[in-house]
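Chemist: I'd like to ask you about the structure that follows.
Values quoted throughout were computed directly from the atomic coordinates according to the rules given, and no laboratory measurement underlies them. Just so we're clear, the structure is a prediction, and the values are computed from it rather than from any experiment. Here the Cβ positions follow ideal geometry from the backbone for every residue, glycine too, while neighbour counts run over all protein chains shown.
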Amino acid sequence: MKTTMKFISAYCFAIAIFLLLSQCNSPAVPASTVAATLTDTVVVDSLKTSAVTDTQKTTSRASLTLIIKNLNTTKSPVYVSLYDSTNKFLSKTDHLKEYKFMSDGNEILTEQINDLDYGKFAIATYQDVNSDGKCNRNLVGLPKEPYGFSNNFKPTIRAPHFDECNFAYNADKHTLTIAMIK
């Protein structure tokens, strides 16, 4: 009887994880839409006679540096979905921005994001080891490919919430390290 109860509990736990994590993969992004383009809106300061474009303002701001560790040692894409508080965190379609970076086969990937204003954000990421454009899962629903969240949130029986994964990106804090879960 105890063995049967343990099996039922483990099965229910696995189903709960499957249902919660089934919402956390990011859709594939064609290479042509990886980075958002910046518009050259001219801002004129009435006290100065020079005009500054959005591109110039962005380059004067510190880039967000992403350090993604514990990658599979294959040359495969890493998808990064960026959310702010107005997006539904872990939604496949309602993210602020999505990026696709190519792994060079090392366990650590370091990338710069230059098209982002300072603010509070959360990240969900996965490495598409077989390059099929999706985060593959096992029979229970757990990802078979490396995945991770900002603040290194590790799911147990539910997917993370925005408040658990958000981080501040500003002049003082502009480096984020994510350890992938294999």
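Chemist: Sequence neighbours fewer than 8 away in the same chain don't count; with that in mind, list the aspartates and glutamates whose C-alpha is under 15 Å from Lys173.
Modeler: Asp117
Chemist: Now for a separate question. Counting other Cβ atoms within 10 Å, keep those with at most 15, restrict to DSSP loop, and tell me which GluC sites (Glu not before Pro) in the range 66-121 are left. If you can, show how the numbers build up before the last one.
Modeler: Details: sites: Glu98, Glu107, Glu111; in loops: Glu107.
In loop regions of the range 66-121 (DSSP not H, G, I, E or B), the sparsely surrounded GluC sites (Glu not before Pro) are Glu107.
Chemist: May I pose another question? What's the ranking of 137-143, 78-84, 176-182 by average number of surrounding C-beta atoms within 10 Å, highest first?
Modeler: 78-84, 176-182, 137-143
Chemist: Separate question: Could you check the spin-label model distance between Leu142 and Asp163? Points 7 Å from the Cα along Cα→Cβ, value in nm.
Modeler: Each label point lies 7 Å from its Cα, and together they span 2.8 nm.
Chemist: What does the range 124-174 give for Rg and for Dmax, in Å, if only its C-alpha atoms count?
Modeler: Spelled out, the Cα radius of gyration and Dmax of the range 124-174 are 13.5, 44 Å.
Chemist: To continue, here is another question. Using the structure shown, select from Lys100/Lys120; Lys88/Lys182; Lys75/Lys182; Lys69/Lys92; Lys97/Lys182 the pairs with a Cα to Cα distance greater than 19 angstrom. It would help to have the intermediate numbers written out before the result.
Modeler: Values: Lys100/Lys120 21 Å; Lys88/Lys182 25 Å; Lys75/Lys182 16 Å; Lys69/Lys92 23 Å; Lys97/Lys182 24 Å.
Result: Lys100/Lys120; Lys88/Lys182; Lys69/Lys92; Lys97/Lys182 exceed 19 Å.
Chemist: Which chymotrypsin sites (Phe, Trp or Tyr not before Pro) from the range 93-155 combine a DSSP loop assignment with at most 15 other Cβ atoms within 10 Å?
Modeler: Here the chymotrypsin sites (Phe, Trp or Tyr not before Pro) that fit, given the DSSP loop and packing criteria, are Tyr118.
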